Structures are given as C-alpha cells and as structure tokens.
Amino acid sequence: MKKILVTLALYLVFFTTYAQSTDSTQAGTKSTNKSTSEVQTLLNGKSHFGFFVAPVIKGGLIMDEAALLPGLRLGWTINRVVSLGFEGYGLAPTITRNDILDNQKVRPLMGYGGFFIEPIIGSKKLVHITTPVMIGAGWIGHIRDWNDERSEPYRDDLIDDQVVWVVEPGINAELNVANFFRVNLGISYRFMSESSLVNTPIKSFEGLNYSLTLKFGRF
C-alpha cells in the first residue's frame, strides 16, 4: 500500500504541473510583458472556480462476474486545471454465488468512496484528458440471497463483512457538450486491501472498471 501511495503522489505532481504549463501556454503572449521572475501559483488574482455534480455508472468484474457500480461525484474545479471533491459507489446486487456456503445462495455486496483529485489536461479543447485518483475506504460483505427459499428464517442474513482501504487511479477522455455539460468515458483500476471474507479469494473485489460519467455544472 505504501508503494501505491508514493506512486500516486508522484503521478499527481507530474500531471498537475503539466496541466498548469499547458494552460499557461494557451493563454497567449500577454504574459510575456510580466516579469519572468514572477512565481507561478495555482491560486492567483485571476483565479477561476467551477463545480459539478456527476452521476457515474461503472462496469467491471467482481468475483469474476459482470458487475455494475452506480455512483455520484461532487467536484470543485480550480483554474480549469484540477478538480477536487468526493465520490461514492455501490455494487448493484445482481450477483449470486453458490460457492460461499454449502447449499445456500449468497450475494456479494460492496460500497466505497472517498476524496478525489483530478488533474485536467487541455480543458478548453473539445475533447481533453482527465486523470483522477480516488483515495478512500469501503465495505464488502456477503449476505444470504433474499430470494432463496428457506425452510426456516435465519437469525442474521449477514454472513461476513469487513472494512477495506481503496485507491483508484484512472484516465478519462472528456467531451465538452455545452457550457454546463460534459461527458466522459474512462478506465480505472480499483486497488483494495486484501479480502478476508469466508471462502473468498483475497483479490475478488479488486479490478478494472469502465465508466460513463455525466458532468453538470459550471466549468
């Protein structure tokens, strides 16, 4: 986990710096009249701030089965070069397993979320790139299938659960549809602390995600 966090920190520094330099170049020659010794900062007298609300749908594999993870992102954009905010997702309860407990159907469940930082490269272009990284936590567990026939009620439908750490870096291609609306398609990878759930491989809830995001707000 320490190696992952160090790698992500270097990744964020690189892309934030690159995004700033890209937008500075696009600004034209007006800045050439200013002193070359002026310190460049993310926040200055001409700062631009925006915000967005974004429903998200992610698809991937959970326990080697196709899964959907709907979610929501809330973000604050600074100078069109980086966004900060929070996001959260939940596993749609469409998966059932017969190999967790003998003679019982089981449904895996998961929810996770956290803080994200999203460098933006070329935000004024029709199609541009964003490179979000989320760091947070989540919950994973197994419950008995509520559609399973039972001869007698169970005392507790919850079989096993645990709290996990989550780190999810990704890359998106984003389209400027209107001043208030953007759409992006992305790929991310969900790194999680190892699962200790009963009869469950330790990496069952990790995996590659494909996402569709609809951003509404002021950019």
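Laboratory data are not the source of any read-out in this text; all were calculated from the coordinates shown. Here the structure is a predicted model, which is why all the values come from computation and not from measurement. Note that we place each Cβ from the backbone using ideal geometry, even for glycine, and neighbour counts take in every protein chain shown.
Using 0.36 nm per residue, how much length does the chain from F115 to N199 gain when fully extended, once their Cα-Cα distance is taken away? Mind showing how you got there, number by number?
Values: separation 84, 0.36 × 84 = 30.24 nm, distance 3.10 nm.
27.1 nm is the gain from fully extending F115 to N199.
Using the Cα centre of segment 55-212 as the reference point, and only Cβ charges (+1 on K/R, -1 on D/E), how large is the resulting charge dipole? Debye, rounded to the nearest 20.
940 debye
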At Y210 and L74, where each label point lies 7 Å from the Cα along Cα→Cβ, what is the point-to-point distance in nanometres? 3.1 nm
Could you state the number of Å between the C-alpha centres of segment 61-108 and segment 194-216? 6 Å
FRET efficiency estimate (nearest 0.05) - Cβ-Cβ, A137 to R218, R0 45 angstrom: 0.90
